[in-house]
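This report concerns only the one structure given below.
The values are calculated or read from the model by the stated rules, or taken from the named source; none is laboratory data. Every value quoted in this text rests on a predicted model; they were computed, and no experiment measured them. Every residue, glycine among them, receives a Cβ derived from its backbone with ideal geometry; neighbour counts consider all protein chains shown. Just the protein is used for accessible areas: all its heavy atoms, side chains included, with ligands, DNA and RNA removed. Shrake-Rupley method; radii C 1.70, N 1.55, O 1.52, S 1.80 Å.
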Amino acid sequence: MTKADFIKTFRNGAMMLLIAALVVSFAAARASASKENTDWRIKIKSAAVVNGPRVTLGDIADFYGDLPAQTKADLSAVELWNAPARSRKPVRVNRSKLRVILQHYLGELVRNCIIPSTLTMQSGGKVMSQEELQRAVVKVLTPQAEAMDGDYKFREFKLPPYLFFKDSMDSLRVHIPRALKPGSNSFRMEVVSVDGQVLRRLAGSLFVDLWKPVPCPVRPINRKELVTPDLITWKSKNMAHLGDRVWDGKGGPWRIKVPVGTGQPIMRSSIEPAPVIARGDKVTLMFRGKHLKLTVPVEALEDAGVGQNITVRNLQSKRKVVATVVNAQIVQVK
């Protein structure tokens, strides 16, 4: 045997020993996992990034439960197939193909695998899951939510299931075009390169619940009743369903225009300014001329506030005239 043949034979033998060692190691990991408590799972990701030439189980899976560290490391190192080419679009593998591959490499351990409907992979770069995207959005919008001065909750997020970045240095920027408000809100996500260039834009939305105290009657208030402090209590209501239609409890005096039931929020459309003079009130009509001032008792035929015109009837002559309200006792004609 020549020296070259000896070296070749030695290398081939070493390679076979290495392969044998890997096979024995994985077989031991499978045996160890099988003997352990079955209360553990291998959860295959919906989206994953691969950085080596081969896809390993550790690239595409998360391990949950009571597995020994060495068993987990051995399972993570199991190679499955060639990694997708770099600089290409992410590739997809459906559930049926995933199950066949995992069955081949994991055997009976596939029963402990949670397999998604589709696995999408990319070589290089990074990926953000839907949960990570949601956390990024919440971080940006929380200061605005806290400024609304109430108890808030974010829900009904509409986000992509995952987001791939071609470069690991790319970042995500969240921008909301208008001030955050109770109810449905839209926002924009941007993939930004390390030099600040916007590489991609995506739309998203969420729903914001905001509970704040609003004025509510302690008993039913009927039409034309004055809204007085003793008739009002404050109850926490979801502003997402009330918007800016609810009365803020300020201003006045007010009276009820549309009846409001006990505990119901008083809407701005349910109240109107309380008139200074109400229909049926007896007031004084004053006439001021250049050299003459007359006063006569009259009856108000409608409601009116200060400065508004009102029709009144002379209690003596029964004649109707239009006058301007000066205060609660006097109307005036010129």
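Before moving on, here are some points about what is shown:
- Computed about the Cα centre, the dipole magnitude for the chain is approximately 1460 debye when only Lys and Arg (+1) and Asp and Glu (-1) carry charge, each at its Cβ.
- When its C-alpha radius of gyration is set against 2.2 N^0.38 Å (N residues), the chain gives a value of 1.92.
- Extension reserve of the H241-D151 stretch, reckoned as 0.36 nm per residue once the Cα distance is removed: 31.0 nm
- Distance between modelled label sites at T233 and H104, nm, 7 Å Cα→Cβ extension: 7.0 nm
- Computed about its Cα centre, the charge dipole of the range 39-104 is approximately 540 debye, with only Lys, Arg, Asp and Glu carrying charge at their Cβ.
- Taking the chain as a Gaussian network of alpha-carbon nodes connected by springs under 10 Å, the highest mean-square fluctuation of the residues S96, S76, S123 belongs to S96.
- Within the full protein context, the accessible area of W40 is estimated at about 10 Å² for a probe radius of 1.4 Å.
- Residues M169, M128, M121, ordered by accessible area of protein heavy atoms at a 1.4 angstrom probe radius and largest first, appear as M169, M128, M121.
- Relative to the longest principal axis of the Cα atoms of the chain, helix 130-147 runs at roughly 30 degrees.
- Hits among aspartates and glutamates - C-alpha to C-alpha of K89 under 17 Å, sequence gap 8 or more where chains match: D167, D170
- Residues V174 and R219, FRET efficiency given R0 of 35 Å [Cβ-Cβ distance, rounded to 0.05]: 0.15
- In the elastic network of the chain, a GNM with C-alpha springs shorter than 10 Å, the most mobile of L98, L180, L292 is L292.
- Counting only Cα atoms, the range 118-217 measures 63, 33, 16 Å along its principal axes, largest extent leading.
- Shape analysis of the range 42-187 yields a ratio of the Cα radius of gyration to the Kirkwood radius, Rg/Rh, of 1.07.
- Ordering N82, P68, H104 by the projection of their Cα atoms onto the charge dipole of the range 62-115, which places +1 on the Cβ of Lys and Arg and -1 on the Cβ of Asp and Glu, puts N82 at the extreme positive end.
- Set K212/K250; K153/K237; K250/K334; K250/K320; K139/K235; K257/K334 screened for pairs whose C-alpha atoms are more than 25 Å apart: K250/K334; K250/K320; K139/K235; K257/K334
- Rg and Dmax over the alpha-carbon atoms of the range 226-311 stand at 18.4, 62 Å.
- Residues of the range 161-229: accessible area per residue with a 1.4 Å probe, Å²: 56 Å²
- Hits among aspartates and glutamates - C-alpha to C-alpha of K166 under 15 Å, sequence gap 8 or more where chains match: E190, D195
- Residue-averaged 222 nm ellipticity for the chain, from DSSP H runs of 4+ at -39500 (n - 2.57), nearest 500: -7500 deg cm²/dmol
- Cubic angstrom per residue, convex hull over Cα atoms of the range 60-117: 105 Å³
- Each semi-axis of the equivalent ellipsoid for the range 178-296 is √(5λ) with λ an eigenvalue of the Cα gyration tensor; in descending order they amount to 50, 23, 9 Å.
- The Cα-based radius of gyration of the range 287-327, divided by its Kirkwood radius, gives an Rg/Rh of 0.98.
- For the chain, with +1 on Lys and Arg beta carbons and -1 on Asp and Glu, the positive-most of A136, Q329, C216 along the dipole: Q329
- Here the accessible area is traced with a 1.4 Å probe on the protein chains. For the range 121-220, carbon and sulfur cover 51 percent of it.
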